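Trainee: Quick one: this structure, given as structure tokens, is what I'll be asking you about.
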Amino acid sequence: MTPDPRASKLCLSCGREITWRKKWAANWEQVRYCSERCRRAPPSDSGVALESTILALLENRARGASICPSEAARAVFDAAQWRREMENTRRAARRLVAAGKLEIIQNGHVVDLSRAKGPIRLRLR
Ligand SMILES: [Zn+2]
């Protein structure tokens with residue numbers, strides 16, 4: 001069985017779901033990013049550092065434990081910087097979700113970070 005060409009995929013930059021569009025009918029398999037903005041701004045060095053920090057923090061906790069994304073941001077950036085990097089941190093978390101390594105928790109339930117509003121926590125999948 002061939003995979004559904006319109007099956008959703010996740011952006012390699014921001015980790016958000018890419019919505020199929022008619023203009024991609026011919027090259028959907030090659031689409032990697034949700035937008036021009038994401039295509040021009042693939043994950044930065046700090047974004048990659050955030051991904052590994054999130055995983056390292058979680059691997060050092062008890063099984064099933066979760067962390068707040070700000071813990072990773074504070075581990076990578078200094079005190080003056082980390083608050084400005086929270087969207088960068090969320091993007092890193094979404095990429096890890098896309099890679100099947102992480103899940104996003106809100107009020108004890110797994111949620112979609114594209115839609116989640118308010119505080120979230122991260123947990124290994
Ligand atoms: Zn994107």
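Quick note: the coordinates plus some simple rules give every number you see, no bench work behind them. A quick note: this is a predicted structure, and the numbers were derived from the prediction, not measured. Quick reminder, even Gly has a Cβ in these numbers, built from the backbone with ideal geometry, and neighbours come from all protein chains shown.
Trainee: Considering just Cα atoms, how many Å³ per residue does the convex hull of the chain enclose?
Mentor: Values: hull volume 15.9 nm³, N = 125.
Spelled out: Cα convex hull of the chain, divided by residues, is 127 Å³.
Trainee: Using the Cα centre as the reference, give the magnitude of the dipole from point charges on the C-beta atoms of the chain (Lys, Arg: +1; Asp, Glu: -1; all else neutral), rounded to the nearest 20 debye. Before the final figure, lay out each step's value.
Mentor: Values: 25 positive and 13 negative charges, 84 e Å.
Magnitude of the dipole: close to 400 debye.
Trainee: Under 10 Å, Cα contacts only: if you run a Gaussian network model on the chain, which one of Gln81, Gln30, Gln106 comes out with the highest mean-square fluctuation?
Mentor: Gln30
Trainee: Between Ala26 and Ser44, 0.36 nm times their residue separation minus their Cα-Cα distance comes to what? Don't skip to the end; give the middle numbers.
Mentor: Numbers: separation 18, 0.36 × 18 = 6.48 nm, distance 2.94 nm.
Between Ala26 and Ser44, full extension yields 3.5 nm more.
Trainee: Defining a contact as two alpha carbons under 8 Å apart and six or more residues distant in sequence, what relative contact order in percent does the chain show? Present the calculation step by step, with values, prior to reporting the outcome.
Mentor: On the way: 163 pairs, mean separation 31.3, N = 125.
This gives 25 percent for the chain.
Trainee: Report ³J(HN,Hα) in whole Hz for each residue of region 34-41, in order, from the Karplus equation J = 6.51 cos²θ - 1.76 cosθ + 1.60 where θ = phi - 60°; Gly and Pro get x.
Mentor: In residue order, the calculated couplings are 7, 7, 4, 4, 5, 5, 7, 10 Hz.
Trainee: Along the charge dipole of the chain, Cβ charges K/R +1 and D/E -1, which of Ile54, Ile105, Leu10 sits furthest on the positive end?
Mentor: Among Ile54, Ile105, Leu10, the one farthest towards the positive end of the dipole of the chain is Leu10.
Trainee: Count of lysine pairs in the chain with Cα atoms under 22 Å apart, counting only pairs 8 or more residues apart in sequence or on different chains? Intermediate results must be reported in sequence, preceding the final value.
Mentor: Numbers: Lys9/Lys22; Lys9/Lys23; Lys9/Lys101; Lys9/Lys117; Lys101/Lys117.
The number of close lysine pairs in the chain is 5.
Trainee: Given the options Glu51, Glu59, Glu103, which has the most mean-square fluctuation in a GNM of the chain, springs set between C-alpha atoms less than 10 angstrom apart?
Mentor: Judging by the Gaussian network model, the answer is Glu59.
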